[in-house]
Amino acid sequence: MKLKQLFTDDSAVSPVIGVILMVAVTVILAAVIGSFVLNLGQGVQQTAPQASFSFDYNGGNVTVTHQSGDSISGSQLNTTGASWSGNGETWENKYSNSISAGDSIVKNTTASGFNGETIRVVWTSQNGETSATLSQSTAPGGA
């Protein structure tokens with residue numbers, strides 16, 4: 001066997017590189033198609049907004065005010081509390097487009113004060129699959 005011929009013979013290099021490239025393309029296509037089929041990319045777009053809310057208690061009323069942060073669609077926000085009528089009502093009734101800093105909503109209690117109740121501002125994604133509590137406050141009083 002001639003040693004010089006061994007180093008200059010590269011006839012097998014091209015098919016090996018071709019097979020490696022075909023395998024790489026197949027793996028990448030499988031990953032992309034799998035992410036669409038399993039809907040893995042959908043969760044990235046449904047992240048909760050960053051916003052700060054304040055709570056001001058005055059007798060049987062609580063005023064929830066958007067202090068700072070992202071603007072949020074009124075249909076995606078609701079303020080929950082057990083002792084008022086319209087529990088789970090969205091902010092859309094007052095703000096049809098978006099809620100931004102300075103906007104507020106007033107809730108009235110149907111009982112005798114809030115008495116230590118936890119009030120939450122909850123965001124829900126457009127498709128309804130994801131929700132997050134953006135802010136919460138415990139009313140004064142209670143045991």
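The values are calculated or read from the model by the stated rules, or taken from the named source; none is laboratory data. Given the structure is predicted, the values throughout are model-derived calculations rather than measurements. With ideal geometry, Cβ positions are generated from the backbone for all residues, glycine too; neighbour counts draw on all protein chains shown.
Examine the range 28-35 for a residue that is at pLDDT 75 or above, in a loop (DSSP other than H, G, I, E, B) and under 22 Å from the mean Cα position of the chain (by Cα), and state whether such a residue exists. No, the range 28-35 has no match at all. Only one of the numbered conditions (1) assigned to a loop (DSSP other than H, G, I, E, B); (2) at pLDDT below 85; (3) exposed (fewer than 15 other Cβ atoms within 10 Å of the Cβ) is not met by Tyr95, and that is (3). The residues listed here are Gly69, Gly18, Gly60, Gly102; of these, the one that is surrounded by 10 or more Cβ atoms within 10 Å (Cβ to Cβ), of a type outside the set (Val, Ile, Thr) and either on the phi > 0 side of the Ramachandran plot or at pLDDT below 70 (or both) is Gly69.
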